[in-house]
Amino acid sequence: MDSLITAAARALAAGDLLGVLNRVALRDDAHALALRGIAMAQLGDFGRAKTLLRSAAHAFGQRQAVARARCVVAEAEIALVSRDLAWPTKTLEAARATLEAHGDHVNAAHARNLEARRLLLIGRLDEAERALAPDSSMPLPPATRAARELVVAGICMRRLQAKAARVALAGAESAARQAKIPALTAEVESASLVLDTPVARLIGSGGERPLLIEEVETLLASGALVVDGCRNVVRHESLVVSLATRPVLFALARALGEAWPGDVPRTALLARAFRARQSDDSHRARLRVEIGRLRAELRALAEVRATKQGFALSPRRAGEIVVLAPPVEDQHAAVLALLADGESWSSSALAIALGASPRTVQRALEQLASAGKVQSFGRGRALRWMTPPVPGFPTVLLLPGPLPSD
Amino acid sequence: MKRSKAEILQEYGPFPHTEQVHGVTYDGRHIWFASGDRLNALDPASGETVRSIDVAAHAGTAFDGQHLFQIAEDRIQKIDPATGRVLATIPAPAGGGDSGLAWAEGTLWVGHYRGRKIHQVDPDTGRILRTIESNRVVTGVTWVDGELWHGTWEGDESDVRRLDPDTGEVLETLEMPPGIGVSGLESDGGDRFFCGGGNSGKVRAIRKPSRISA
């Protein structure tokens, strides 16, 4: 490495982005391209950063495998931050293997964290956990440790393990403080806010109230029969009956759950499950069929009793029945939940994250847009969606020395 | 051309608060190595760093018997080793693309990393006196017993090689083991070369091939 590259790399490590550009702005060798790419990424120009890093990887070629692999990892991070989830994960895996083989454990761990973050974002928690960099083997620099703990916290939150999430966040916070990167500290803080924000509503006898993750965790362990409207399942302790693909059955279960210990009149059930304003004989026949199906599904958990005017639910073993509902009931709540991260998403990335068809997501976005809840910019393949800007914390790129240092 | 494997005699470091070793030089007692924002004096007998000078130190280092010369960004600083003061600066010939530095015959020799060249430079003005072409990227440069040696390092491959100073022809190479690179080079005047180890944060001593004198 030559003298200006060393100086520019030191400027980058110190967060002096303009110092980097001043030194290597006019140079087109591989090292300079990589440094400029990372600086542009940190300045938020992802498009330019991607081009620069790709040219840098190309310029390093096969002989400088480690430097090339670092460029690939940096490019993957840009893809993740710009919510390009269709990014080829095999390429990242190969880069990680190269880094490991050459003893660059820090950047290899960074690559693992990126893969875990992608899996977390698309809800594949077990895989995310497996992809995560191992905790013990090698001491990692604070920034990498903080990023890792953030992923752990994310996995715990999605699994409703509030205590474990708090432990991971505390770890992330102290690592971020050690790293002395303000943007990283801010990211940990905004993640902590989630733990103090209601994630669900509890609908029980006579009223409803918001629940924090901790309270949801307690509720699920309390021995109550929970009709869970966040996941469309009915659960009691470890026994879970999923009605996610049976919306009518779940609507009936939820109506019965909300009324417990009372019953629900047939007309009300028809209105809830079939959106029927007036009921006729065919509706009544259909209701009988659906109640029969629900009875079969819930057999192990609860009994669906016929009453004089309708139906009622009674638990087999649980002491009570409660309904858990999403904090906001919007037709397209899942799409909004993803957009709530403040990033701009392509509709195809949303489809990957939700496991839904692109057409379904497209329709949802169009409806949300006409309601003024989301907005789009760009055209064609570059079209991106986001929620109207709210004050918040920007996501930052955390590249722990992905610099070619040889 | 003679080709052989470099024999590593000793490894120093890694040193605390030192991520990278750039240039190295030798003042007869201590090895001086550049580590970004410092020049450090290393006692080759004990392996201890005995003192350091806070000065920008991004690439090659040299010693003329009295002063240290150190490349920082696109210039060469002349430093008084006793006080650590920068006495003068001259422009570096490759404008920041410089990497190795050596003192010989009253002039400075500067490696031009990507240019694959070695420039001979007037130490007072920075004027380029002549240029020798190499066929590899140049890292460290040193002169010993009238022989011009320089380091190369690309990816996993690194060696120390002797050039014919008139033609630039490669006369001899000492290949470093895979994954071990040479970022700076200096002879101790005897049978050792000191090599900066780049991002390994180490300084290594390798054996200089002995000559049967005529």
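Couple of notes before you dig in:
- 2 or more residues at pLDDT 90 or above and within 14 Å of another protein chain (Cβ to nearest Cβ): qualifying helices (runs of 4 or more DSSP H) within segment A:66-162: A:89-101
- Residues in segment B:73-88 that are open to solvent by 20 Å² or more (accessible area, probe 1.4 Å) and within 13 Å of another protein chain (Cβ to nearest Cβ): B:E73, B:D74, B:R75.
- Among the candidates A:R293, A:R359, A:R317, residue that is free of Cβ contacts under 8 Å to residues at least 24 places away in the same chain and over 20 Å from the mean Cα position of the chain (by Cα): A:R359
- Only one of A:R23, A:R96, A:R63, A:R68 that is over 30 Å from A:A334 (Cα atoms), touching a Phe, Trp or Tyr at 6+ places or on another chain (Cβ under 6 Å) and basic (K, R): A:R68
- Qualifying residue in segment B:60-74 (condition: in contact with a Ser or Thr (Cβ under 7 Å, 6 or more places away or on another chain), touching a residue at least 60 places away in the same chain (Cβ under 8 Å) and part of a loop (DSSP other than H, G, I, E, B)): yes
- Boolean, A:A268 is assigned to a loop (DSSP other than H, G, I, E, B) and open to solvent by less than 70 Å² (accessible area, probe 1.4 Å): no
- Residue check, B:Q70 in contact with a Leu (Cβ under 8 Å, 6 or more places away or on another chain) and either more than 9 Å from chain A (Cβ to nearest Cβ) or closer than 23 Å to A:A7 by Cβ (or both): yes
- With a requirement of 1 or more residues that are among the polar types (S, T, N, Q) and surrounded by fewer than 16 Cβ atoms within 10 Å (Cβ to Cβ), the strands (runs of 3 or more DSSP E) lying completely within segment A:284-350 that satisfy it span A:310-315.
- Lone unmet requirement of (1) farther than 30 Å from A:R27 by Cβ; (2) within 14 Å of chain A (Cβ to nearest Cβ) for B:A45: (2)
- Evaluation of B:A205 against (1) in a loop (DSSP other than H, G, I, E, B); (2) surrounded by fewer than 23 Cβ atoms within 10 Å (Cβ to Cβ); (3) among the hydrophobic types (A, V, I, L, M, F, W, C); (4) within 13 Å of the chain's Cα centre (by Cα) (one fails), failing number: (1)
- Subset of segment B:22-31 [away from chain A (no Cβ under 14 Å) and either in contact with a strand residue (DSSP E or B) (Cβ under 8 Å, 6 or more places away or on another chain) or in contact (Cβ under 8 Å) with a residue 60 or more places away in the chain (or both)]: B:V24, B:T25, B:Y26, B:D27, B:G28, B:H30, B:I31
- Residues located in segment B:11-36, provided they are over 17 Å from the mean Cα position of the chain (by Cα) and either hydroxyl-bearing (S, T, Y) or on the phi < 0 side of the Ramachandran plot (or both): B:P14, B:F15, B:P16, B:T18, B:E19
- Test result for B:A92, touching a residue at least 60 places away in the same chain (Cβ under 8 Å), open to solvent by less than 20 Å² (accessible area, probe 1.4 Å) and within 14 Å of chain A (Cβ to nearest Cβ): no
- In segment B:176-198, the residues that are free of Cβ contacts under 8 Å to residues at least 24 places away in the same chain reach residues that are open to solvent by 20 Å² or more (accessible area, probe 1.4 Å) and among the acidic types (D, E) with C-beta atoms within less than 6 angstrom, at least six apart or across chains, in these pairs: B:P178/B:D156; B:G179/B:D156.
- Scanning segment B:36-51 for residues that are in a strand (DSSP E or B) and open to solvent by less than 60 Å² (accessible area, probe 1.4 Å) gives B:G36, B:R38, B:L39, B:N40, B:A41, B:L42.
- Residues that are assigned to a helix (DSSP H, G or I) and open to solvent by 20 Å² or more (accessible area, probe 1.4 Å), drawn from segment A:271-283: A:A271, A:R272, A:F274, A:D281, A:S282, A:H283
- Criterion: closer than 30 Å to B:L171 by Cβ and in contact (Cβ under 8 Å) with a residue 12 or more places away in the chain - qualifying residue of B:A34, B:A57: B:A34
- Inspection of segment B:166-182 finds no residue satisfying the criterion of being in a strand (DSSP E or B), within 14 Å of another protein chain (Cβ to nearest Cβ) and not charged (D, E, K, R).
- Considering segment A:174-263, the qualifying helices (runs of 4 or more DSSP H), each wholly inside and each with 2 or more residues that are under 20 Å from A:D341 (Cβ atoms) and open to solvent by less than 40 Å² (accessible area, probe 1.4 Å), run over A:182-195.
- Considering (1) surrounded by fewer than 23 Cβ atoms within 10 Å (Cβ to Cβ); (2) in contact with a Gly (Cβ under 7 Å, 6 or more places away or on another chain); (3) within 13 Å of chain A (Cβ to nearest Cβ), the lone condition that B:R136 does not fulfil carries the number (2).
- Of all the criteria given as (1) more than 14 Å from chain A (Cβ to nearest Cβ); (2) more than 13 Å from the chain's Cα centre (by Cα), the one not satisfied by B:A56 is (1).
- Odd one out for A:L324, checked against (1) on the phi > 0 side of the Ramachandran plot; (2) in contact with a helix residue (DSSP H, G or I) (Cβ under 8 Å, 6 or more places away or on another chain); (3) not basic (K, R): (1)
- Residue check, B:G106 surrounded by fewer than 19 Cβ atoms within 10 Å (Cβ to Cβ), more than 14 Å from chain A (Cβ to nearest Cβ) and either out of contact with any strand residue (DSSP E or B) (no Cβ under 8 Å at 6 or more places or on another chain) or in contact (Cβ under 8 Å) with a residue 24 or more places away in the chain (or both): yes
- Residue within segment B:112-122 that is open to solvent by 10 Å² or more (accessible area, probe 1.4 Å) and closer than 24 Å to B:K5 by Cβ present: yes
- Of all residues in segment A:44-65 being among the hydrophobic types (A, V, I, L, M, F, W, C) and more than 12 Å from chain B (Cβ to nearest Cβ), the one that is most open to solvent (accessible area, probe 1.4 Å): A:F46
- In segment A:4-43, the residues that are open to solvent by 20 Å² or more (accessible area, probe 1.4 Å), more than 12 Å from chain B (Cβ to nearest Cβ) and in contact (Cβ under 8 Å) with a residue 24 or more places away in the chain: A:G15, A:L17, A:Q42, A:L43
- Any chance A:V248 is farther than 18 Å from A:T307 by Cβ, more than 27 Å from the chain's Cα centre (by Cα) and β-branched (V, I, T): yes
The values are calculated or read from the model by the stated rules, or taken from the named source; none is laboratory data. In this text, all values refer to a predicted model and were calculated from it rather than measured experimentally. When we count neighbours, we look across all protein chains shown, and the Cβ atoms used for this are built from the backbone with ideal geometry, even at glycine. All accessible areas refer to the heavy atoms of the entire protein, side chains included, with ligands and DNA or RNA removed. Shrake-Rupley method; radii C 1.70, N 1.55, O 1.52, S 1.80 Å.
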